[in-house]
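Structure first, commentary second.
We did not get these values from a lab; they are worked out from the coordinates using the rules stated. As the structure is a computational prediction, the values presented were derived from the model and not from experiment. Positions of Cβ are generated from backbone atoms using ideal geometry, with glycine treated the same way; all protein chains shown enter the neighbour counts.
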Amino acid sequence: GEVDPQMAVMNDLRTMKNAAWLGWQMEANWADPFLFATYSIVKPISATLILVFMFMVVTGGDTDNAYFSYMFIGNALYMYVAEVLFGVTWVIHDDREHYMTLKQVYIAPINFYAYILGRSAIKIVITTAGVIITLVFGVLVLGVDIFLGDIDWLLLAGSTVLGMGCICVLGLALGGITFLTARHSIGINEGVAGIFYVMSGIIFPITALPTWAQSISKVLPVTYWMDSMRRALMPDAMAELSSAAAFDVTGLGGFSNLYIMIYLAISAAIFFVLSLAVFRFADGVARRKGKIDWTTSY
């Protein structure tokens with residue numbers, strides 16, 4: 001008989017909810033909620049302080065400038081790139097290699113995409129908590145230039161949604177590649193994340209890169225996402241960067257907020273189509289070659 005669209009949607013939502021619950025239990029390692037909350041607070045702050053101390057050593061302890069806020073916010077937001085990008089891919093890797101349940105998930109009467117999205121959603125929630133904790137720590141303790149009255153909330157909301165969309169669909173493509181790789185998927189993920197870290201203006205403006213590298217940077221959607229998030233969170237500091245140096249330090253100062261948002265939206269749409277094609281192709285090859293539940297004997 002014909003499929004009831006409403007029933008199909010309800011089934012997908014139920015799959016996402018159960019997958020999110022499973023993802024939460026796995027991320028928390030079935031730990032005590034208080035213990036996991038403590039870990040969630042300490043981990044992002046301690047990781048960020050490493051870079052903060054490096055910055056202080058280089059600048060002689062000077063953190064009262066726009067460059068420090070630029071670096072700090074970029075490093076905090078990079079958690080999304082590292083954790084969410086890895087998280088989408090790790091769903092497949094973990095279920096296949098560690099728990100060896102990928103075959104059972106595949107033959108279950110559920111939408112596999114809904115399952116991946118549900119498992120990844122909890123990763124976004126946990127990462128968001130880490131980003132907020134890090135930014136609050138930066139504002140209260142380190143004097144990062146974020147003021148609630150100056151935040152462009154509309155730009156912040158739009159950039160967050162579009163940026164998360166881009167990162168998730170990129171993770172979907174890498175997840176498809178994971179079907180066809182053995183022990184190399186982790187290295188591929190780290191390599192892609194490393195490209196974004198260097199090329200997307202995470203800790204230094206893209207104008208610090210060679211000219212050929214800047215050309216690559218201006219194609220990557222993460223570059224525009226980082227710039228739009230900084231414009232939303234610290235508009236005055238972003239203006240100060242370029243005015244103090246008398247040139248466009250960020251390399252994107254000539255682009256309006258609307259241009260960047262349109263670029264992000266188009267990028268998300270293009271990467272969604274490409275990622276879906278890569279995932280389906282890799283999925284088909286993995287099915288034909290029997291690699292769906294093929295572990296590499298870790």
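Cross-link pairs exceeding 21 Å in C-alpha to C-alpha distance, out of K17/K123; K43/K123; K17/K291, comprise K17/K291. Measuring how big region 5-288 is from its alpha-carbon positions, Rg and Dmax come out at 19.8, 62 Å. In terms of the mean number of neighbouring beta-carbon atoms within 10 Å, the peptides 105-118, 223-236 order highest first as 223-236, 105-118. Rounded to the nearest 20, the size of the Cβ-charge dipole of the chain about its Cα centre is 1080 debye, with Lys and Arg at +1 and Asp and Glu at -1.
For the pair region 189-216 / region 70-136, the C-alpha centres are spaced 23 Å from each other. Once Lys and Arg get +1 and Asp and Glu get -1 on their Cβ, which of A268, A129, I203 lies farthest toward the positive end of the dipole of region 5-288? Comparing the listed Cα positions along the dipole, A268 ranks first. Here, region 110-162 yields an orientationally averaged convex hull projection of 4.6 nm² when only Cα atoms define the hull. Between the helical axis of 112-137 and the longest alpha-carbon principal axis of the chain there is an angle of about 20 degrees.
Over the chain, calculate the relative contact order: mean separation of alpha carbon pairs under 8 Å at least 6 apart, over the residue count, as a percent.
Averaging sequence separation for qualifying contacts and normalising by length gives 27 percent for the chain.
Cross-link candidates for K218: which aspartates and glutamates have Cα within less than 13 Å, leaving aside residues fewer than 8 places away along the same chain? Counting by Cα, and skipping residues close in sequence, K218 has these aspartates and glutamates nearby: D227. The alpha carbons of region 72-226 stretch over 51, 36, 26 Å along the principal axes, in descending order. Excluding same-chain neighbours fewer than eight residues apart, the lysines reachable from K289 by a Cα-Cα span under 29 Å are K103. Each listed q (0.11, 0.13, 0.14 Å⁻¹) maps to a log10 I(q)/I(0) for region 73-149 from the Debye sum over equal C-alpha point scatterers, namely -0.41, -0.52, -0.57.
Can you classify region 1-77 as rounded, prolate or oblate using the Cα gyration tensor, where a ≥ b ≥ c are the square roots of its eigenvalues, rounded means a/c under 1.5, and otherwise it's prolate if a/b beats b/c and oblate if not? Oblate, since a/c reaches 1.5 and b/c is not below a/b.
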